[in-house]
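The values are calculated or read from the model by the stated rules, or taken from the named source; none is laboratory data. Not measured: the values here are computed from a predicted model. Cβ coordinates were reconstructed from backbone atoms using ideal geometry, including for glycine residues, and neighbour counts include every protein chain displayed.
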Amino acid sequence: MSHCFHFSLFRSRSRELSFIAAAVLSALSPVFIFLCSPNAVAQQRQDAPGDEIIANLAAGRVIIAVVKDAILIATIENPIEPQTRLPAPVELNSRRVGIFLGAVEWISPSSQVEFARLDKDLPHLHGKVASIAPHLQQVQPNAEAADIDSIGHGVSERLNEIARNLHGRIDLPANEPVAVLILADYMEDYGPEIWQLSFTLRQSMQREDYFDTHVSLPQYVQLWPPEKGQPRTFVEFHYPPEDVVSSLIDLIRNKDAGIEKLCSSDAKMRNVRDRFLQGESVKVLAVDAIQFLRAAIGIIASPNSRQTIATISVESGFQWILQPAPEPKNPRLEKERPEGAPSLLHPSF
């Protein structure tokens, strides 16, 4: 016996993304994944309601500071929906972290089945790379370029496992990525670097109201090191892209009252502020920058928004300064899906 679910995607007034897609799950073990024919989908529409899949977003801002002896990563949640996920650093190795923004959690609210959790899966998302993207070859040795490209391919492959089952029209703003991955690391014989990998959806109509959906390979943008002569200061990212918020460095330039108060009675904090303002972050010690950044994000964060701070030290590697609290477990999900159980994205063969 099989269960057929037809998925279509719509964008609600809120930032929640909802998906209803076509996939057939065999009730037999092992589990195999294949698509319904259009006729089968049409017949199923008459017989049973569709199951809904929700893509919960990691929303907020990511602030990265490269200082004299470390890379600092701070994140602030923007709780735009009740199920917003906190963008938080994920340790990939002792000298590299990744932070996801956008659609990171894909679940069925009716069955409480989790189809994908990109941030948790990130350490394992490495794809096969046939050739290194030319722009990566230009800025990095081949081994490191291949590593970054492999991560980009792995995330793209995982998103396409989901996208292959999305056949309704998807109305996202033009060029808005469905997910963004920020990578920050130290590379041997190269130094600190920051990358932004953006993943966008493409659709092609096969027939009326029936589309094939595909996630393109990411667009790679390197944000650090900056070009010669450019300031070395905070690097900041926001999601959703249309959110209009002042960056931390803009708040400093505009003499934000909270930050000015922080610096008014502390010469060390004034020095940190001035170094970032002058584009000289690499002259700031991590211990001082951490104190400043921790106070600053507390000033600029909205009430009740969650925050994290982590560092990648030249000497000791990845460390938490402000670690996210463990997410509460879903008893129904834990009961229905024991560890290692097959799912849409991890079928057992």
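Values for this structure:
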{"read-out": "Residue check for Lys261: without any contact (Cβ under 8 Å) to a residue 12 or more places away in the chain and either in contact with a helix residue (DSSP H, G or I) (Cβ under 9 Å, 6 or more places away or on another chain) or assigned to a strand (DSSP E or B) (or both)", "value": "yes"}
{"read-out": "Candidate set from the range 285-339 (those that are in a helix (DSSP H, G or I) and of a type in the set (Asp, Glu)); member that is modelled with the highest pLDDT", "value": "Asp288"}
{"read-out": "Enumeration of residues in the range 111-134 that are modelled with pLDDT of 90 or more and among the acidic types (Asp, Glu)", "value": "Asp119, Asp121"}
{"read-out": "Conditions (1) surrounded by 15 or more Cβ atoms within 10 Å (Cβ to Cβ); (2) in contact (Cβ under 8 Å) with a residue 24 or more places away in the chain: number failed by Asn304", "value": "(1)"}
{"read-out": "Elements of type strands (runs of 3 or more DSSP E) contained in the range 185-248, each with 3 or more residues being at pLDDT below 90", "value": "201-207, 210-215"}
{"read-out": "Of all residues in the range 93-104 being crowded, with 20+ Cβ neighbours inside 10 Å and farther than 18 Å from Leu322 by Cα, the one that is modelled with the highest pLDDT", "value": "Leu101"}
{"read-out": "Matching residues, the range 148-176, being without any contact (Cβ under 8 Å) to a residue 60 or more places away in the chain, among the small types (Gly, Ala, Ser) and either touching a helix residue (DSSP H, G or I) at 6+ places or on another chain (Cβ under 7 Å) or not in a loop (DSSP other than H, G, I, E, B) (or both)", "value": "Ser150, Gly154, Ala163"}
{"read-out": "Search result, residues across the range 264-284 that are in contact (Cβ under 8 Å) with a residue 12 or more places away in the chain, outside any helix (DSSP H, G or I) and farther than 17 Å from Ile64 by Cβ", "value": "Gln278"}
{"read-out": "Some residue of the range 163-182 being among the polar types (S, T, N, Q), within 21 Å of Gly98 (Cα to Cα) and surrounded by 17 or more Cβ atoms within 10 Å (Cβ to Cβ)", "value": "no"}
{"read-out": "Selection count where residues are in a strand (DSSP E or B), of a type in the set (Lys, Arg) and within 24 Å of Ser316 (Cα to Cα), scope the range 80-119", "value": "1"}
